[in-house]
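To keep things clear, I will list the structure first and then write my remarks on it.
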Amino acid sequence: ARLVVLVSGSGTNLQALIDACADPAYGARIAAVGADREDIEGLARAERAGIPTFVRQVSDFETREGWDSAVTTVVERFEPDIVVSAGFMKLLSQDFLDRFLTLNTHPALCPSFPGMHGPRDALEHGVKVTGATLFVVDAGVDTGPIVAQVPVAVEEDDDVASLHERIKTAERAMLVDAVGRIAREGVSVDGRKVRIGTSAG
Ligand code: GRF
């Protein structure tokens, strides 16, 4: 399966996928890495791995629609089977989502704590267990059909940074496992139900 991975930051999820794809048995390879900003570690990780990169910044376009269609056009060029939004901090257009099976990782157990501050919101709420979710992106914010989840315990002395780091360790393992299974076995999405291994792949 061909992947396009979208990033906005440090790209540790991307790195986990790069490392997994080094084994041909994993079943996926990264055709390109895209970002919505320059000079981020995620792009540097792709460059070090010899993966083509592209950047489309909203501020370079007169309208958000112009940016949306530029992102769609450049991603289309790489003919991905799956787009992985791994810490990509922009919402994608409906047209984009209609064209590409797009997965996103979120650092909370959806539908709890959607949005930009999953670890902080979990801590403030006082939950004892949070985690990470991989889901198929739909029109909402962190609302799409769930592909995989992993629980993570909240420790007494956690702050946002320590909790997010623990979540990210589990998140990376979940992402690599689920993307590999989808790449090898296919995926079907039936309304809110996602099944890995039931489509032709
Ligand atoms: C991940 O926890 C992701 O779910 C969240 O931001 C973090 C990105 O980390 N939205 P990285 O860029 O993959 O290191």
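Residues in region 21-45 that are within 21 Å of ARG184 (Cα to Cα), of a type outside the set (Val, Ile, Thr), buried (at least 17 other Cβ atoms within 10 Å of the Cβ) and in contact with a strand residue (DSSP E or B) (Cβ under 8 Å, 6 or more places away or on another chain): 4 in all.
Regarding LEU123, is this residue of a type outside the set (Phe, Trp, Tyr) and under 25 Å from LEU17 (Cβ atoms)? It would help to see each step written out before you state the result.
Working: of a type outside the set (Phe, Trp, Tyr): yes; under 25 Å from LEU17 (Cβ atoms): no.
Taking the combined requirement at face value, the residue does not satisfy it.
In region 58-78 there is at least one residue matching the filter, namely being crowded, with 19+ Cβ neighbours inside 10 Å and in contact (Cβ under 8 Å) with a residue 40 or more places away in the chain. Given the conditions (1) touching a Phe, Trp or Tyr at 6+ places or on another chain (Cβ under 8 Å); (2) closer than 26 Å to ALA16 by Cα, report the number of the one that PHE88 does not fulfil. Here PHE88 meets the rest and fails (1). Pairing residues of region 111-130 that are of a type in the set (Lys, Arg) with residues that are within 14 Å of the ligand (Cβ to nearest atom), at Cβ distances under 7 Å and at least 6 apart in sequence or on separate chains, gives ARG120/VAL160. Any residue that is closer than 11 Å to ALA86 by Cβ, within 13 Å of the ligand (Cβ to nearest atom), among the hydrophobic types (A, V, I, L, M, F, W, C) and without any contact (Cβ under 8 Å) to a residue 60 or more places away in the chain - is there at least one of those in region 23-34? Yes - at least one qualifying residue is present in region 23-34. Take the residues in region 182-195 that are surrounded by fewer than 18 Cβ atoms within 10 Å (Cβ to Cβ) and in contact with a strand residue (DSSP E or B) (Cβ under 7 Å, 6 or more places away or on another chain); name whichever of them is farthest from PRO80 (Cα to Cα). Across region 182-195, the extreme among qualifying residues is ARG195. For region 36-49, indicate whether the set of residues that are in contact with a Lys or Arg (Cβ under 8 Å, 6 or more places away or on another chain), within 15 Å of the ligand (Cβ to nearest atom) and not assigned by TED's automatic domain parsing to the domain that holds ALA170 is non-empty. Yes, because at least one residue in region 36-49 is in contact with a Lys or Arg (Cβ under 8 Å, 6 or more places away or on another chain), within 15 Å of the ligand (Cβ to nearest atom) and not assigned by TED's automatic domain parsing to the domain that holds ALA170. Looking only at residues of region 1-15 that are within 14 Å of ALA178 (Cα to Cα) and more than 8 Å from the ligand (Cβ to nearest atom), we find that the one that is farthest from the chain's Cα centre (by Cα) is ALA1.
Taking region 26-67 as the range and being among the small types (Gly, Ala, Ser) and out of contact with any Ser or Thr (no Cβ under 8 Å at 6 or more places or on another chain) as the test, the residues that pass are GLY27, ALA28, ALA31, ALA44, ALA49, GLY50, SER59, GLY66.
The values are calculated or read from the model by the stated rules, or taken from the named source; none is laboratory data. Here the structure is a predicted model, which is why all the values come from computation and not from measurement. Glycine also receives a Cβ, built like all others from the backbone with ideal geometry; neighbour counts cover every protein chain displayed.
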